[in-house]
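No lab work stands behind these numbers, since they all come straight from the coordinates. The model shown is predicted, which means the values in this text are computed figures rather than measured ones. All Cβ positions, glycine included, derive from the backbone under ideal geometry; neighbour counts span all protein chains shown.
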Amino acid sequence: MNEDLETLKRALIAADMEMGTGAAQRLIDAGQDPKWILEDGMAVAMFDLGEMWKRGEVFLPEVVASAEVFKACNAIVEPVLLAKRQPGDAAAALVVLLTVKGDLHDLGKNMVGAMLRTSGFEVLDLGKDVSADKVVAAIREHNPAIVGMSALLTTTVPYQQTVIERLVTEGLRDAVKVMVGGAPVTPEWADRIGADGYANNAPEAVDIAKKLVGVTVA
Ligand code: B1M
């Protein structure tokens, strides 16, 4: 157990900006792996916060505040992650990344984007609340290898299917691989909607993206 990582998790849950950014900085200064800080620390804390929210132990304003602390800590950790960028075999591959229409959750999607960039992918981030129209336009304009869709709400997950169906009607489905993710998304759902890949977390998203563009994963 790392004391600073535990402090960072506690700070995210308590929405304590000073404690959070301080712990994130100490972890970085100590040379800790940014992927580990993000996945084993920050993502876990937000999941725990979600469970507390479900149990009525915290409320929306507190979650909004925690998300702000998350962003500030991410601003300390992500540059170190990106500095480790290894162009590698995936360098030529472009990923268009987005959170689907109706959904404003973007912390996980941003984490996926950062880890893809670190692993040599180019990433065009369309942001959150993104419509199928925008996805179609981005594919036509940028010709990506992969479209990656994140969804965090049970009410917005079906929009991943809407986008895939739209790609079919636009004659674009064979031009691009589709990867889906987000906390409520399952491998079964990904299969059902005909996605090419599903990932449970950001490091896994990198492995799946590499497989989708034909790069051997060690
Ligand atoms: Co919201 N929220 N939220 N929220 N929120 C959840 C999702 C919820 C599960 C909380 C709960 O009730 N326990 C619940 C959804 C319930 C449901 O759908 N059945 C919920 C709700 C209800 C809501 C609102 C409706 C609340 C309201 O207004 N009454 C509202 C909806 C707004 C909207 O989107 N239209 C809302 C709002 C918000 C905030 C704005 C306050 C904030 C988001 C801030 C932001 O993102 N900028 C927020 C937060 C922070 C959460 C929780 C607590 C944490 C989400 C998060 O950031 N996790 C969340 C609880 C939970 O998820 N258990 C919750 C950290 C992040 C690193 O993890 O996003 O899962 P995650 O990403 C992971 C993996 O999923 C994966 O990799 C990431 C890294 O490992 N992954 C991918 C993600 N995308 C991927 C894409 C891939 C591959 C992997 O390929 C393309």
Vicinal HN-Hα couplings computed from phi for the range 140-155 (Karplus, 6.51 cos²θ - 1.76 cosθ + 1.60; Hz; Gly/Pro x): 4, 7, 10, 6, x, 7, 9, 10, x, 10, 9, 8, 10, 10, 4, 7
Placed amide H near Y198: partners under 5 Å, 5+ positions off or other chain: V180
Degrees separating the helix 202-212 axis from the principal Cα axis of the chain, which is the longest one: 20
Sites matching trypsin sites (Lys or Arg not before Pro) across the range 1-101 that sit in DSSP coil, with at most 13 neighbouring C-beta atoms within 10 Å: R55, K84
Ellipticity estimate at 222 nm from DSSP helix runs (n ≥ 4, -39,500 (n - 2.57)) divided over the chain, nearest 500: -16000 deg cm²/dmol
Karplus-derived HN-Hα couplings along the range 33-43 (A = 6.51, B = -1.76, C = 1.60, θ = phi - 60°), whole Hz, x at Gly and Pro: 5, x, 4, 5, 4, 5, 7, 7, x, 5, 5
Cross-link pairs beyond the 27 Å C-alpha cut-off, checked among K134/K210; K128/K210; K9/K101; K35/K211; K54/K211; K54/K177: K9/K101; K54/K211; K54/K177
Taking H105, H142 and counting other C-beta atoms within 10 Å, the order from fewest to most: H142, H105
Prolate/oblate/rounded label for the range 95-218 (Cα gyration tensor, a/c 1.5): rounded
Counting all C-alpha pairs of the chain, share separated by more than 29 Å (%): 27
In degrees, nearest ten, helix 17-29 long axis to first principal axis of the chain (Cα): 80
In degrees, nearest ten, helix 107-118 long axis to first principal axis of the chain (Cα): 70
Contour excess over end-to-end distance, with Cα ends at R140 and L82 and 0.36 nm allotted per residue: 18.1 nm
Under 5 Å, built H, 5+ apart or other chain: amide partners of L97: L124, D125, L126, G148
